[in-house]
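What follows is calculated from the coordinates using simple rules that are stated; it is not laboratory data. None of the values given here were measured: they were computed from a predicted structure. Cβ atoms come from the backbone with ideal geometry, glycine included; neighbour counts cover every protein chain shown.
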Amino acid sequence: MSGQDTRELIFRQLQAKGQASGQELAEYAGVSRNAVWKHIHKLQQQGYPVQSLSGRGYLLHPAPDLLLPLQIRAGLKTRFLGREIICRSEAESTQALIRSLASNQASEGLLVLAERQLAGRGRLGRSWSSPAGNIYLSCLLRPAIELFKTPQIPLLAGVAVARALNLHLGLHCRLKWPNDLLWQGKKLGGILAEVSAEADQVQYLILGLGLNVNAGLQELSPEVRDLATSLGLILQQQVPRVPLLQQILTSLEEIYRQYLSQGFSGIREAWLQLSCTLGRQVEFYQEGALLSGLAQDLDHAGGLQVRLASDKTITLQAGDISFV
Ligand code: BTN
């Protein structure tokens, strides 16, 4: 058994009992008391709230709402998403961190989380305000699809997250094309997909999610503050992030597997149900010109069809729209 597995065993036993002696943990994990002490020390270094009680063993304090691998994995039902988790108290950007691992053959489903980001990245080169208390995650996917289909992945991720929030918290979140999560018109979260491809075949895709959960809006940067909302604000209470994250991962894996086996059409239907985009007047830039029109449909590749005032219909493959 690896050191990590032994550590997980010790942690699970402490989780079940709350408090346990070194001897009991040693017997349970089949290691020496000294080895238990070393594993406990490692857990403490990783941020787990384990206290050493002199002569009386160890105590696991009821979990504060920290995103830590063993807490997230406890009861997580996914098959591959989040089987390996890296959590940092601080990162420049989880996208950048996971990319260095992705190019080193990391497995599909690897998850990287940070309590806060110093240089969080948003879509279209924007920054993503990342104070502590929210969810910032990146996961590694290796879909065997052609490059032109990659815009479908963030759309399916939007569906997965909106479903998880709506089911788990009873909200009515909506999706603004391509993949903003909105609640009553305010931005609750965003999704960023970064692709690495060779010829026209995807090698890997890094899916990033930033979700405003418990951080106060005054902690967000002034440019986004007035346009944003958070789960804590909507529900008027602190929202436990671990079960929420587990729901999101479960939903994401389910929809991703559906996509791989059945293609985009079912996802498209689900996206249409959750969208607040169609039927709205929208504005967007194309080749430097500001255009506006009626958002009419989502095509079968994930592009947004917009009917311009001239009656011409164009399809946006990527970019951003604003509601008029
Ligand atoms: C958007 O612009 O709407 C997308 C924002 C995506 C932010 C997330 S937070 C976790 C991951 N790491 C990053 O640096 N960005 C994404």
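Take every pair of alpha-carbon atoms less than 8 Å apart whose residues are at least six positions apart; their mean separation over the length of the chain yields a relative contact order of 14 percent. Expressed to the nearest 5 percent, the antiparallel share of DSSP beta bridges inside region 1-155 is 65 percent. Ordering His168, His61 from the fewest to the most neighbouring beta carbons within 10 Å gives His61, His168. When Rg and Dmax are taken over the Cα atoms of the chain, they come to 21.9, 81 Å. Relative to the longest principal axis of the Cα atoms of the chain, the long axis of helix 33-45 makes an angle of roughly 30 degrees. Other residues whose C-beta falls under 11 angstrom from the C-beta of Asp200 contribute a net charge of -1, scoring Lys and Arg +1 and Asp and Glu -1. Is region 217-294 rounded, prolate or oblate when judged by the Cα gyration tensor, a ≥ b ≥ c being the square roots of its eigenvalues, rounded requiring a/c under 1.5 and prolate requiring a/b larger than b/c? In terms of gyration-tensor shape, oblate. Result for the chain in a Gaussian network model with C-alpha springs under 10 Å: among Val159, Val306, Val31, the largest mean-square fluctuation is at Val31. Summarise the long-distance tail of P(r) for region 49-93 by giving the % of C-alpha pairs beyond 18 Å. Cα-Cα pairs in region 49-93 separated by more than 18 Å: 48 percent.
When only alpha carbons are used to place a centre, region 111-180 and region 271-324 end up 21 Å from one another. Hydrodynamic radius of region 185-324 by the Kirkwood approach over all distinct alpha-carbon pairs: 17.8 Å. In the calculated pair distance distribution of region 108-173, what percentage of Cα-Cα distances lie above 16 Å? The answer is 64 percent, as a whole percent. Restricted to Cα atoms, region 49-165 shows a radius of gyration and a Dmax of 16.9, 62 angstrom. Counted over the chain, the DSSP beta bridges are approximately 85% antiparallel. Taking Lys and Arg as +1 and Asp and Glu as -1, the other residues whose beta-carbon sits under 13 Å from that of Gln4 total +3.
Couplings for region 55-63, taken from phi via the Karplus curve 6.51 cos²θ - 1.76 cosθ + 1.60 with θ = phi - 60°, read x, 10, x, 9, 10, 9, 5, x, 4 Hz in order; Gly and Pro are left as x. Remark: spin-label model distance Phe323-Ala199 equals 4.4 nm, labels positioned 7 Å along the Cα→Cβ axis. The Kirkwood radius of region 97-141, taken over pairs of alpha-carbon atoms, gives through the Stokes-Einstein law at 25 °C and 0.890 mPa s a diffusion coefficient of 214 µm² s⁻¹. Once Rg and the Kirkwood radius are both taken over the C-alpha atoms of region 162-227, their ratio Rg/Rh works out to 1.08. Computed on region 2-75, with alpha-carbon pairs under 8 angstrom and 6+ residues apart, the relative contact order is 31 percent.
Can you bin region 240-283 into rounded, prolate or oblate? Criterion: square roots of the alpha carbon gyration tensor eigenvalues sorted a ≥ b ≥ c, rounded for a/c under 1.5, prolate for a/b above b/c, oblate for the rest. In terms of gyration-tensor shape, oblate. Diffusion of region 1-97 by Stokes-Einstein, at 10 °C in a medium of 1.306 mPa s and with Rh set to the Kirkwood radius over alpha-carbon pairs, works out to 111 µm²/s.
In the frame of its principal axes, region 120-255 has Cα extents of 48, 30, 23 Å, reported largest first.
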